[in-house]
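*Asks:* I have a structure here, written as structure tokens, and I will follow up with some questions on it.
The values are calculated or read from the model by the stated rules, or taken from the named source; none is laboratory data. Predicted model, so just to flag it, every value in this text is computed and none were measured. A quick note on method: Cβ atoms are made from the backbone with ideal geometry, for glycine too, and the neighbour counts reach across all protein chains shown.
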Amino acid sequence: MDLDNAKRIVVKVGTSTLTHKGGRLNLRRVENLVKVLCDLANSGKEIILVSSGALGVGVGKLGLKHRPKENKDKQAVAAVGQCELMFIYDKFFGEYNHNVAQVLLTKFAMDTDYKRQNVQNTVNALLDMGIIPIVNENDTVAIDELDGENIGDNDRLSAMVATIVNADLLILLTDIDGLYTTNPREDPNAEKIDEVDEITDEIRTMAGGTGSSRGTGGMRTKIIAAEMATEAGIDVCVMNGENPKRLYHFLEGQKLGTLFKARPSGRRQFR
């Protein structure tokens with residue numbers, strides 16, 4: 001697929017990309033991301049943003065030293081963080097003349113064809129109105145992501161959304177440049193893999209474990225998400241989100257991050 005021709009693009013951004021180490025929002029990076037996404041929308045792309053960060057932002061806003069351990073406390077902190085996160089998104093997107101809509105999902109909103117069709121209808125309606133959907137798992141009432149099970153993280157959620165809305169491309173922005181042969185933080189000889197034609201057991205082994213202390217995922221969950229999306233015929237890129245302008249370069253054909261190529265036999269759910 002010619003990436004520059006990808007029209008409907010799901011962009012997932014992780015907590016480690018959105019926040020400083022202390023948990024508070026990295027406002028400069030958020031604004032740069034919003035600016036690029038608005039520009040892509042102005043060029044005719046249909047953008048759907050899947051955003052992590054509610055719990056991390058809540059921790060920072062409340063001045064907590066550590067993420068809470070009990071689910072009820074996590075849910076309360078996530079509720080505070082979700083409000084702050086959407087306020088910032090609404091402000092920045094509004095400055096570039098784009099409206100946004102919050103779409104909070106749980107596994108129960110997507111567990112039947114009928115419910116998935118409702119999600120698709122809502123997203124399509126928002127895009128038709130020129131509104132950028134911002135999707136997150138509803139941490140306030142669902143503990144799946146907080147527990148790390150079921151949907152479990154926004155990587156997998158983004159793959160589910162991309163499949164449901166028939167996206168052309170899924171981009172996972174994270175704090176690492178892509179998939180490496182070994183952990184680049186531990187092995188200076190680790191080599192980045194530019195393209196993956198098929199996700200094998202060897203690729204899964206390379207993914208390792210969890211990511212940063214501020215997020216719930218890691219490369220392992222990104223491989224799971226990539227496998228879900230590529231099986232549905234959607235190209236997936238895992239790339240560093242530190243400089244959002246690199247999205248332009250990637251869509252123009254530069255080899256950035258790791259591109260997981262859609263399976264030729266992949267079939268979209270709603271065609």
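*Asks:* Mind listing whichever residues of the range 9-27 are modelled with pLDDT of 95 or more and of a type in the set (D, E, K, R)?
*Replies:* LYS12
*Asks:* For the range 27-120, which fully contained helices (runs of 4 or more DSSP H) count at least 1 residues that are out of contact with any helix residue (DSSP H, G or I) (no Cβ under 9 Å at 6 or more places or on another chain), surrounded by fewer than 20 Cβ atoms within 10 Å (Cβ to Cβ) and of a type outside the set (S, T, N, Q)? Give the steps one after another, and end with the answer.
*Replies:* On the way: elements: 27-42, 54-61, 71-95.
Hits in the range 27-120: 27-42, 71-95.
*Asks:* Which pairs turn up if I take residues in the range 196-208 that are in a loop (DSSP other than H, G, I, E, B) and look for partners that are among the acidic types (Asp, Glu) with beta carbon separation below 6 Å, at least 6 apart in sequence or on another chain?
*Replies:* Filtered contacts from the range 196-208: ILE199/GLU227.
*Asks:* Also: Tell me the residue from LEU55, LEU64, LEU146 that is more than 20 Å from the chain's Cα centre (by Cα), of a type outside the set (Val, Ile, Thr) and modelled with pLDDT under 90, please.
*Replies:* Only one candidate passes the filter, namely LEU64.
*Asks:* Being touching a strand residue (DSSP E or B) at 6+ places or on another chain (Cβ under 7 Å), modelled with pLDDT of 90 or more and in a helix (DSSP H, G or I) is the filter here, so list the residues in the range 149-167 that pass it.
*Replies:* ASP155, LEU157, SER158, ALA159, VAL161, ALA162
*Asks:* Under the condition of being among the hydrophobic types (A, V, I, L, M, F, W, C) and in a loop (DSSP other than H, G, I, E, B), which residue from the range 224-266 is farthest from THR174 (Cα to Cα)?
*Replies:* Here the residue is ALA232.
*Asks:* So, one more: Give the residues of the range 1-34 that are over 23 Å from VAL165 (Cβ atoms) and more than 17 Å from the chain's Cα centre (by Cα), sorted by residue number.
*Replies:* Passing the criteria: HIS20, LYS21, GLY22, GLY23, ARG24, LEU27, ARG28.
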